[in-house]
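Let me begin by presenting the structure, written as structure tokens, before commenting on it.
The values are calculated or read from the model by the stated rules, or taken from the named source; none is laboratory data. Nothing here was measured: the structure is a model prediction, and the numbers come from that model. Here Cβ is always computed from backbone atoms with ideal geometry, including for glycine, and neighbour counts include all displayed protein chains. The accessibility values were calculated without ligands, DNA or RNA, using every heavy atom of the protein model including side chains. Shrake-Rupley method; radii C 1.70, N 1.55, O 1.52, S 1.80 Å.
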Amino acid sequence: MANITISPTNPHERILSAKRITRIVFIGLLLDILSFTIILPLLPRSLEAYKAREGSDPTTLLGSALRWVGVLRECILRNSHDGAAGLLSPSPSRFLQQGARADMVLLGGLLGSLYSLLQCVVAPVIGRAADRFGRRRTLMVCMGGNILWTVVWIFAGSFETFLVARIIAGLSEGNVQLSNTIIADVTDPQTRSHGMALVGIAFAVGFTLGPSIGAYFAQLSPDFLLVQSQAPSAASVLEYAPFAMAAVFSLALLVVECGYLFVRLPETLHYVARSTSDGNARQKAAAAAAPAASNSPHALLRRLNYLHFAYLFFFSGMEYTLTFLTHDKFGFTNAQQGRLLGFIGIASTLIQGGYVRRVKRKSQGEPMPDGQKKLRTQARTRDKALVSQGMVGCAAGLFCIALCCIRTDQTKHGAASAAAQRWLWAGALGLALASATVVNCLNSLVSLVANTTGSSGSDIGRRLGDFRSAGQIGRALGPMFACSVYWLSGASTCYMVGSVAVLLVSLVFIATVPAVLAPSTTPSSRALDAAGALEKDVISKKHN
């Protein structure tokens with residue numbers, strides 16, 4: 001299929017085309033998230049499998065890393081026994097005293113931080129490439145990288161090969177960022193949040209099904225692919241990769257996604273969504289508006305970047321340690337890990353469909369007599385409220401998990417009680433609320449604020465790329481921070497710190513992010529608002 005670029009001028013045709021493109025993006029992103037989440041419940045046991053194979057060999061990367069972590073742990077324990085105070089507590093945690101088992105949590109945090117650090121580096125590059133070369137072409141390059149890392153994962157017979165696979169994954173994962181950019185291309189302020197909500201639904205469904213799928217395929221032997229085959233060497237290679245069949249299924253999903261997007265997805269770089277003028281005229285209007293515009297929108301974009309970083313620093317760290325916590329405290333199997341993550345996904349899906357979309361649809365049905373400015377203000381108010389609710393829900397969920405850890409530590413030998421597990425599932429519900437609201441609505445908020453700066457369609461990729469990069473810095477540092485606190489002071493302290501921190505971030509967000517911005521009074525901005533109002537009037541007459 002050729003690299004088709006569409007830019008419909010009829011308002012009714014634009015709405016139908018936008019719905020079709022949004023649906024294509026949703027299906028492709030759902031396949032991508034399913035593939036991405038397959039590995040999540042398998043990571044703790046994958047690291048244990050690699051440790052069993054090569055952890056005792058100091059010549060390997062894993063063996064060397066575990067040796068240095070063990071030396072650091074023994075140093076901390078020795079200083080504590082000698083009377084020196086620890087970094088975060090006066091005495092070493094019970095978890096730290098478990099010895100080598102505790103070291104895997106810290107190693108897992110390093111691995112998660114590496115992936116997000118690479119994402120933070122590459123996100124602005126992907127955003128600028130999408131603005132220069134097109135959304136579709138850039139997405140196809142990212143898909144090639146995703147397929148490559150999954151192939152390497154299948155044959156990751158050593159920890160070093162698995163690490164190479166994760167590096168490739170970190171450098172090539174741009175599907176979520178580009179999906180947000182494409183949706184921002186084809187939606188207006190009134191429908192922007194609805195489109196972004198589909199990204200959240202894709203995440204929710206993916207996190208519901210992906211971990212369970214990964215746990216199921218992890219039980220299968222690679223010999224399943226080699227029925228009646230006389231190729232024992234190939235079987236041995238596949239068997240040498242922990243949970244290779246899960247990787248094979250992940251690869252199949254990516255191949256289907258790549259083919260689907262290649263055939264169905266058009267280019268949206270110059271898609272006109274708000275006026276009947278061509279892309280060049282709109283870019284000239286934006287350039288004329290930029291010098292005279294208020295600095296408030298630009299300052300707000302920077303503030304949103306900082307808040308995105310702060311929120312994901314704590315949220316991603318706590319989220320990353322969750323599977324290690326359930327493995328450590330309750331001995332969860334891959335299937336049990338999948339059920340927990342599936343519960344979070346199902347709850348997030350229900351919140352998205354039953355609450356978030358209802359709130360957005362209700363606000364879209366209200367009359368907007370003053371054109372695009374009213375639409376943008378109303379959308380920002382709605383998104384701010386949803387983000388605030390999600391952050392507070394996240395803080396409450398982390399507090400519940402901290403109580404779960406405290407209850408578990410109080411029982412004999414740390415055995416998991418029924419009451420403690422109830423707190424765990426209550427905390428998972430809080431994380432589901434955060435997953436359904438915060439990041440999706442923040443993306444919508446950023447794209448709406450970017451519109452008030454006079455940004456053209458060919459600039460929105462850079463804005464969202466910078467925003468995603470700020471969040472990925474938080475995702476890079478958060479797991480390392482959370483795993484270090486967990487390693488030094490135990491799970492209860494880790495999640496209590498996370499709960500208080502996210503609550504503080506939510507209070508700062510509520511206090512410093514306004515829903516109403518200083519309006520731009522430039523002729524170009526007035527022209528864009530008038531064009532938006534005219535388009536809304538035309539559409540209304542068509543429907544009536």
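Summary table
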{"quantity": "Region 19-44 residues that are within 19 Å of PHE262 (Cα to Cα), paired with ones that are open to solvent by 30 Å² or more (accessible area, probe 1.4 Å) and basic (Lys, Arg) (beta carbon under 8 Å, 6 or more apart)", "calculated": "ILE24/ARG264"}
{"quantity": "Pairs where the first residue, in region 298-320, is within 25 Å of LEU429 (Cα to Cα) and the second is of a type in the set (D, E, K, R), C-beta under 7 Å, 6+ apart", "calculated": "LEU312/ARG475; SER316/ARG475"}
{"quantity": "In region 335-345, residue nearest to ALA419 (Cα to Cα) [restricted to those that are in contact (Cβ under 8 Å) with a residue 24 or more places away in the chain, surrounded by fewer than 23 Cβ atoms within 10 Å (Cβ to Cβ) and not charged (D, E, K, R)]", "calculated": "LEU340"}
{"quantity": "Failed condition for ASN280, given (1) at pLDDT below 85; (2) closer than 24 Å to VAL387 by Cβ; (3) among the polar types (S, T, N, Q)", "calculated": "(2)"}
{"quantity": "Subset of region 360-402 that is open to solvent by 30 Å² or more (accessible area, probe 1.4 Å), in a helix (DSSP H, G or I) and of a type in the set (Gly, Ala, Ser) - its residue that is modelled with the lowest pLDDT", "calculated": "ALA385"}
{"quantity": "Residues of region 127-138 satisfying the condition of being open to solvent by less than 10 Å² (accessible area, probe 1.4 Å) and either farther than 28 Å from ARG264 by Cβ or among the hydrophobic types (A, V, I, L, M, F, W, C) (or both)", "calculated": "ALA130"}
{"quantity": "Residue list for region 244-268, restricted to those being of a type in the set (D, E, K, R) and not in a helix (DSSP H, G or I)", "calculated": "GLU267"}
{"quantity": "Candidates ILE33, ILE38, ILE27, filtered to the one that is among the aliphatic types (A, V, I, L, M) and open to solvent by 10 Å² or more (accessible area, probe 1.4 Å)", "calculated": "ILE27"}
{"quantity": "The lone exception for SER233 - which of (1) at pLDDT 80 or above; (2) in a helix (DSSP H, G or I); (3) under 23 Å from GLU160 (Cβ atoms) it fails", "calculated": "(1)"}
{"quantity": "Selection within region 210-222 - surrounded by 21 or more Cβ atoms within 10 Å (Cβ to Cβ) and not small (Gly, Ala, Ser)", "calculated": "PRO211, ILE213"}
{"quantity": "Options PHE324, PHE332: the member that is within 22 Å of ALA419 (Cβ to Cβ), out of contact with any strand residue (DSSP E or B) (no Cβ under 8 Å at 6 or more places or on another chain) and either outside any helix (DSSP H, G or I) or open to solvent by 40 Å² or more (accessible area, probe 1.4 Å) (or both)", "calculated": "PHE332"}
{"quantity": "Residues located in region 162-213, provided they are free of Cβ contacts under 8 Å to residues at least 60 places away in the same chain and among the β-branched types (Val, Ile, Thr)", "calculated": "VAL164, ILE167, ILE168"}
{"quantity": "Criterion (under 27 Å from the mean Cα position of the chain (by Cα), open to solvent by 50 Å² or more (accessible area, probe 1.4 Å) and at pLDDT 85 or above) met by exactly one of PHE262, PHE203, PHE313", "calculated": "PHE262"}
{"quantity": "Flag for THR191 being modelled with pLDDT under 85 and either of a type outside the set (Gly, Ala, Ser) or open to solvent by 20 Å² or more (accessible area, probe 1.4 Å) (or both)", "calculated": "yes"}
{"quantity": "Candidates ARG73, ARG101, ARG132, filtered to the one that is modelled with pLDDT of 80 or more and not β-branched (Val, Ile, Thr)", "calculated": "ARG132"}
{"quantity": "Residue in region 159-169 that is surrounded by fewer than 22 Cβ atoms within 10 Å (Cβ to Cβ), over 26 Å from LEU66 (Cβ atoms) and not acidic (Asp, Glu) present", "calculated": "no"}
{"quantity": "Which listed residue, of THR5, THR9, THR22, is among the polar types (S, T, N, Q) and modelled with pLDDT of 80 or more", "calculated": "THR22"}
{"quantity": "LEU442, sole failed condition from (1) open to solvent by 20 Å² or more (accessible area, probe 1.4 Å); (2) at pLDDT 85 or above; (3) closer than 21 Å to ALA130 by Cβ", "calculated": "(1)"}
